[in-house]
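*Asks:* After the structure tokens below, expect a handful of questions from me.
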Amino acid sequence: MIVDAPRHYYGLPIDFRAHDSVVWENSPWKETLSVYLAVGEKYYINGEPVPRDGLRTRLQQELNKRLVWTVYFEADYDTLNMDAVYAMDTIEGLGATLVWITPKVREEWRQKESAERRRR
């Protein structure tokens, strides 16, 4: 005897059929987001100058265009600590992940690049 009782489904339905993937030729996330601080309280977002009082607004606009909220931060050697702290606080205050590129990190990258070029 077969009983045709209603079935109860729980959980998240998963579709295992193959789907065509979309190939992005011009991905909107290719470019990383960077904040650079130069001597004299000069802030740059991806190479474009931004006034200190406009840093938060402009950074928020750029982050809204991205899926991954990672911001690379670098400062000139002679910048004031309070200016660097302001930039880092602004980045983290918006909820982005801060990657601070220190002179030591920059030197390690240069050494790694030159080692890779020598191997080729």
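We did not get these values from a lab; they are worked out from the coordinates using the rules stated. Since we're looking at a predicted model, the values are computed, not measured. Heads up, the Cβs are rebuilt from the backbone with ideal geometry, glycines too, and the neighbour counts pull from every protein chain shown.
*Asks:* With a point put 7 Å past each Cα toward its Cβ, work out how far L67 is from L94 in nm, to one decimal.
*Replies:* Each label point is offset 7 Å from its Cα along the Cβ direction, giving 2.0 nm.
*Asks:* Tell me, what is a quarter of the convex hull surface for the C-alpha atoms of the range 33-119, in nm² with one decimal? Walk me through the numbers before you get to the answer.
*Replies:* Numbers: hull surface 25.6 nm².
Quarter of the Cα hull surface area: 6.4 nm².
*Asks:* Just subtract the alpha-carbon distance of N46 and R117 from 0.36 nm times their residue separation and send over the number in nm, one decimal. Mind showing how you got there, number by number?
*Replies:* On the way: separation 71, 0.36 × 71 = 25.56 nm, distance 2.62 nm.
Here the segment from N46 to R117 would lengthen by 22.9 nm.
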